[in-house]
Amino acid sequence: MPSIGLRYCGGCNPQIDRSKVIRKLEEGLKERGMKLDLTTNRKSTVDIILLINGCIHACLEEEYLREGDSPQFITIKGEMVESQYVKEEHIPECLIKKIVDLLNSPSH
Amino acid sequence: MMNGKEYIDSLRDLNLEVYFFGQKIKSIVDEPMFQPHIHTAAMTYELAHDPEYEQIMTASSHLTGERINRFTHIHHSIDDLVKKVRMMRLLGQKTGTCFQRCVGLDGLNAVYVTTYDIDQKHGTNYHERFKDYLLEVQKNDWMPSGAMTDARGDRSLRPSKQKHPDTYLHIKERLEDGIIVSGMKAHITGAINSHEIITMPTRTMGEEDRDFALSFAIPADAKGVTYIFSRQTNDTRRLDGVLDGGNPKYGIVGGEAIIVFKDVFVPWERVFMAGEYDFTNELVETFAGYHRSNYGGCKVGLADVVIGGSNWIADAHGINNASHIIDKLTEMIAMAETCWSCTLACSYEGYRTPSGAYHIHPLLANVTKLNITRMVYEWMRLAQDIAGGKIITLPSEKDLESPETMEILTECFTGKEGVSPRDIIKMLRLIENMSVGAGLPEAMHGAGSPAAQKIMIARRSGIDRKMELAKIIAGIHKDKYFEEIIGKDETAHWDEVKKKIKGKKVQIY
């Protein structure tokens, strides 16, 4: 089963409800019949890492270097997913699309 | 990169149509009323060549990798944003006034960010055009003025509904090779001593205002562009001598002007928005964010000067050890450093935009500027308090030099042993210039009036989330962490507590 590592920022002053976004993501994946292991265990080997930053400053991006052989990343930055502005309620849907694209990419 | 003198010489190549005091000005560079503003802008060029400041004053172009003046740079990291405000404070310290060039810098960055987003949505080609223009700016080390504020006419009417359409800059005609524009921009800083003009809309536009959703760049001396230079407090003192001006080298505020555009042709390659009204809000807010954060840099640089001047004058009068003086100076320093903290926070909390350029934290930028609209008045009030009533009753330089009055005035302005009375007057004039003049309303209205900041603060505060926080703590909504801590459901917990209280047990747990 493909796995996604969840990494939360410290959450000092989030612009979005991070846990709600992930809850809705899980529901959306379930509705589409997609079986994925979402884990916060940092020791697990995962296929994709989801950086869940509460705001556009995106503290987590400073921590995670994007190296060629490291897992693939998707970054939420407040009401942004990667470099696209997305309203909070549409973030889960946007994430599902990106997860599908990454899992289907030739490099995977 | 040009140095200060080369910048001034480069202005001689321009042929601007400027009016001031009912006259057309023949030479901008040689006009004594304009020279202080030109010297101040020249400082942004000069310091870039000093090894002591080049780390802040220069940057590496993301387009060419070459060393450029930071005033032409697109911020590409948090470090860039931090260095930007350090540069603002430095220049405030070196000039004691507005050095003008930050408006163009913020215009360059705001247009860079917004054109990228316009292209993503509309499939236009503005961003590439703008990058070509930016290359020219960096290569020539140009100073563009940032022309945002329109005359605006009746504020209750949208731009397209104004009786006089020229109160807002707008497209009159769309041609195959460009556009024809008319209108006016008001109180534009550094306009008469800039090489270029970058225009931006002044407000959010609707569909009916499509022709007013406009951004472009033209040479400052483009055909059809005229300038009417504005007055500043005590400006004609510059013509009376050296001393009375207060800051004769660098003047007061930024040397603002009205720019009139009459049927000006702009080629398409220099048009960066032409009708995309749905991006006017982004351009205005992005520019305002950059610009409002600057104020915690430049005005704090000015505060450094006026705090130093206040301490010097207290010392010259023999009162610098008085507890009330120390208290006032400490207040001034604390306020200035509070504003500095705000502006550093804007940069450190900045973020990467889809274009790759970095933007400051918009909420904090508006808070910074709102603090400036209040605290500049407060620290300048304390400077006036320390300096004393003399700042508004000083005699003229001519009387100081007149044989009939020189001796008595020298005696009158004597301070502590060893301090020259003329130096005391110089410092009092500087404090007068900085604390009584146009610098105060400039701190209030420059980069937008306080109401504009409050609108942005209210819009971006996330007050719904704050309500949720309060509801959880008040017990209106579930507190999952509290339940984890007590190891049970909150309602059950309070029922138990109530029972224990009823039983009047002192040790309720």
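For A:Gly11, the residues 5 or more places off, or on other chains, whose built amide H falls under 5 Å of its own are A:Gly54.
Here the Karplus relation 6.51 cos²θ - 1.76 cosθ + 1.60, evaluated at θ = phi - 60°, turns the backbone of segment B:231-237 into coupling constants of 8, 10, 4, 6, 4, 6, 4 Hz, with x for every Gly and Pro. Taking the Cα centre of segment B:284-460 as origin and assigning +1 to Lys and Arg Cβ atoms and -1 to Asp and Glu Cβ atoms, the resulting dipole is close to 1060 debye. Given +1 at the Cβ of Lys and Arg, -1 at the Cβ of Asp and Glu and no other charges, the dipole of segment B:1-99 around its Cα centre is 280 debye to the nearest 20. Take every Cα pair under 8 Å whose residues are at least 6 apart in sequence, average their separation, divide by the length of chain B, and the relative contact order is 16 percent. Rounded to two decimals, the Cα radius of gyration of chain B over 2.2 N^0.38 Å is 1.14. When +1 charges are put on Lys and Arg Cβ atoms and -1 charges on Asp and Glu Cβ atoms, the dipole computed for the protein assembly as shown relative to its Cα centre reaches about 2220 debye.
Using the average count of surrounding beta-carbon atoms within 10 Å as a protection proxy, the listed peptides B:398-410, B:335-347 rank, highest first, as B:335-347, B:398-410. Computed over the protein assembly as shown, the alpha-carbon pair-distance distribution with 20 angstrom bins reads 17, 44, 28, 10, 1, each value a whole percent.
Ordering B:Leu428, B:Cys342, B:Val271 by the projection of their Cα atoms onto the charge dipole of the protein assembly as shown, which places +1 on the Cβ of Lys and Arg and -1 on the Cβ of Asp and Glu, puts B:Cys342 at the extreme positive end.
Along its first, second and third principal axes, ordered by size, segment B:420-506 spans 82, 35, 21 Å in Cα coordinates.
Once you reduce segment B:373-426 and segment B:433-473 to the center of their Cα atoms, the two points are 36 Å from each other. Dividing the Cα radius of gyration of segment B:284-460 by its Kirkwood radius returns 1.11 for Rg/Rh.
Scalar couplings 3J(HN,Hα) for segment B:32-40, obtained by applying the Karplus form with A = 6.51, B = -1.76, C = 1.60 to θ = phi - 60°, are x, 6, 9, 4, x, 5, 5, 4, 5 Hz; x denotes Gly and Pro. With viscosity 0.692 mPa s and temperature 37 °C, the Kirkwood radius over alpha carbon pairs of segment A:3-85 converts through Stokes-Einstein to a diffusion coefficient of 248 µm²/s. Seen from B:Asn366, the other residues with C-beta closer than 12 Å to its C-beta sum to a net charge of +4, counting Lys and Arg as +1 and Asp and Glu as -1.
May I have the convex hull volume per residue, in Å³, for the Cα set of segment B:463-502?
Details: hull volume 2.5 nm³, N = 40.
Cα-based convex hull of segment B:463-502, divided per residue, equals 64 Å³.
Within the shell defined by Cβ-Cβ distances under 13 Å, the residues around B:Ala314 carry a net charge of 0, with Lys and Arg each +1 and Asp and Glu each -1.
Cβ-to-Cβ counts within 10 Å put B:Tyr7, B:Tyr295, B:Tyr481 in ascending order as B:Tyr481, B:Tyr7, B:Tyr295, the fewest first. B:Ile179's amide H: which non-local residues (gap 5+, or another chain) put their own amide H closer than 5 Å, with H modeled 1.01 Å from N in plane and none for Pro or chain starts? When sequence neighbours closer than 5 places are left aside, the close amide H contacts are B:Val266, B:Trp268. For segment A:3-85, the share of DSSP beta bridges that are antiparallel, to the nearest 5, is 20%. Measuring between alpha carbons in the structure, the pairs from A:Lys87/B:Lys131; B:Lys131/B:Lys369; B:Lys369/B:Lys454; B:Lys390/B:Lys416 lying more than 21 angstrom apart are A:Lys87/B:Lys131; B:Lys131/B:Lys369. For segment B:105-262, the equivalent ellipsoid built from the Cα gyration tensor has semi-axes of 31, 21, 13 Å, listed from largest to smallest.
When the square roots of the Cα gyration tensor eigenvalues are ordered a ≥ b ≥ c, the ratio a/c for segment B:151-221 is 1.5 or more and a/b does not exceed b/c, which makes its shape oblate. Cα centroid separation, segment B:1-80 to segment B:223-295: 14 Å. A cut-off under 9 angstrom between Cβ atoms defines the neighbours of B:Gln453, and their net charge, with Lys, Arg +1 and Asp, Glu -1, is +3. The order of B:Cys412, A:Cys94, A:Cys55, going from fewest to most other C-beta atoms within 10 Å of their C-beta, is B:Cys412, A:Cys94, A:Cys55.
Close amide-amide hydrogen proximity is noted between A:Met80 and A:Val86, each under 5 Å apart and 5 or more residues distant or on a separate chain (H modeled in the peptide plane; Pro and chain starts excluded).
R0 = 35 Å: FRET efficiency of A:Thr39 with B:Tyr348, Cβ-based, nearest 0.05?
Details: r = 31 Å, r/R0 = 0.90.
FRET efficiency, A:Thr39 to B:Tyr348: 0.65.
Sorting B:Glu378, B:Glu17 from the fewest to the most surrounding beta carbons within 10 angstrom yields B:Glu378, B:Glu17. 3J(HN,Hα) couplings calculated from phi for segment B:286-302 with the Karplus curve 6.51 cos²θ - 1.76 cosθ + 1.60 (θ = phi - 60°) are, in sequence order, 5, 4, 4, x, 4, 5, 5, 5, 4, 4, x, x, 5, 5, 6, x, 5 Hz; Gly and Pro show x.
With the largest listed first and rounded to whole Å, the semi-axes of the equivalent ellipsoid of segment B:1-139 from the Cα gyration tensor are 28, 21, 13.
Laboratory data are not the source of any read-out in this text; all were calculated from the coordinates shown. Here the structure is a predicted model, which is why all the values come from computation and not from measurement. All Cβ positions, glycine included, derive from the backbone under ideal geometry; neighbour counts span all protein chains shown.
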